[in-house]
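Notes to accompany the following structure.
The values are calculated or read from the model by the stated rules, or taken from the named source; none is laboratory data. Keep in mind that what you see is a predicted model, and the values were worked out from it rather than measured. Neighbour counts are summed over all protein chains in view; Cβ atoms, including those assigned to glycine, are modelled from backbone coordinates with ideal geometry. Note: accessible area is taken over every heavy atom of the protein model, side chains too, but ligands, DNA and RNA are not part of it. Shrake-Rupley method; radii C 1.70, N 1.55, O 1.52, S 1.80 Å.
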Amino acid sequence: VAPATAAAMWMSDLIVRALLCVYGALFVVFYVPGTDLYALVSHWCWHGVVPLLATHLRFTGHNLGDAALIGPTVVLTVSLAWGGVGIYRAARAVRRLLKAFAVGAGPGESLILGDGQVMIAAAGLRRPRIVVSAGALIALDDEELAAGLDHERGHIDHRHRFALLAAEVFGAVARFLPGTRHAQAELLFHLERDADQFALARNHHPASLASAICKAAESTFAVGSPSLALGGSSVVRRVNVLLDGPGKQRYATAMVIGCAISLTALAIIALLALPGVAHASVHAAGAALPAHPCPD
């Protein structure tokens, strides 16, 4: 299946996962207070059961109910904030990388980094640049180097950095759902496939690009490398696709396209419905059961 189609499917999957968590938090905050289960949990009068606990800690069932209501929202907020911190730290690491190792201009409008390891990558968000290490200039032949540079140019031209940024945000919200990390990894894999096809469309031999990917994967840069590095993700699968070809599985392709369309439509509908659901939730909260006063 075309890399763009598969990437759209996995991006939609991440959006649906994040929205599922948001809808779950809305349900807990606005609808649960009107249920009998919430009344059962929050209407306990602890001073009648454990007088010492209520006297010194002033703890009632209302406290337990309130904590249960705000718990999911607090978890989502902390998770999103932690994801933002991770994005900031990654961006800062890339800036430090370029500042510490940049030595001059390289081939194909790239920037040479003074390190002996093999690395070619697209670095930066607002003004991305292709960076190539001195080790890559030595270890790669001319065709491998040209294919690797065009691969990274594909990442920049197709704006894959914004897709990865969105995936980090949605993944941070949905990190507690099983399979979220797998969805993020699959999205990155298909973005790499898309960049591989970008390079092959410029008359590079698949074997040369595969060789460059393998050489880059064997190296570890001194202070880490950007996410969109040549040898950074699903190396074996990418090399197999390059050397064996994509194959012709029409039935599987049709299923993936159908899943992509369905997930994309579901994500759009859920996004459009979110304001209305939030508005209705506020009104539903007004109909919640009143707080149960504990007798003195």
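Here are some notes:
- Odd one out for Pro128, checked against (1) open to solvent by 40 Å² or more (accessible area, probe 1.4 Å); (2) at pLDDT below 90: (1)
- Residue match in the stretch 237-248 (condition: at pLDDT below 90, basic (Lys, Arg) and not in a helix (DSSP H, G or I)): yes
- Conditions (1) at pLDDT below 85; (2) open to solvent by less than 50 Å² (accessible area, probe 1.4 Å): number failed by Ala67: (2)
- Complete set of residues in the stretch 101-127 that are in contact with a Lys or Arg (Cβ under 6 Å, 6 or more places away or on another chain) and either part of a loop (DSSP other than H, G, I, E, B) or hydroxyl-bearing (Ser, Thr, Tyr) (or both): Val118, Leu125
- Exactly one residue out of Leu177, Leu98 is of a type in the set (A, V, I, L, M, F, W, C), open to solvent by 40 Å² or more (accessible area, probe 1.4 Å) and not in a helix (DSSP H, G or I), and it is Leu177.
- Consider the stretch 180-217 and keep the residues that are closer than 30 Å to Trp82 by Cβ and more than 21 Å from the chain's Cα centre (by Cα). The one that is most open to solvent (accessible area, probe 1.4 Å) is Ala217.
- Filter pass, Leu228 being of a type in the set (A, V, I, L, M), within 30 Å of Trp82 (Cβ to Cβ) and more than 13 Å from the chain's Cα centre (by Cα): yes
- Some residue of the stretch 168-182 being touching a Phe, Trp or Tyr at 6+ places or on another chain (Cβ under 8 Å) and modelled with pLDDT of 90 or more: yes
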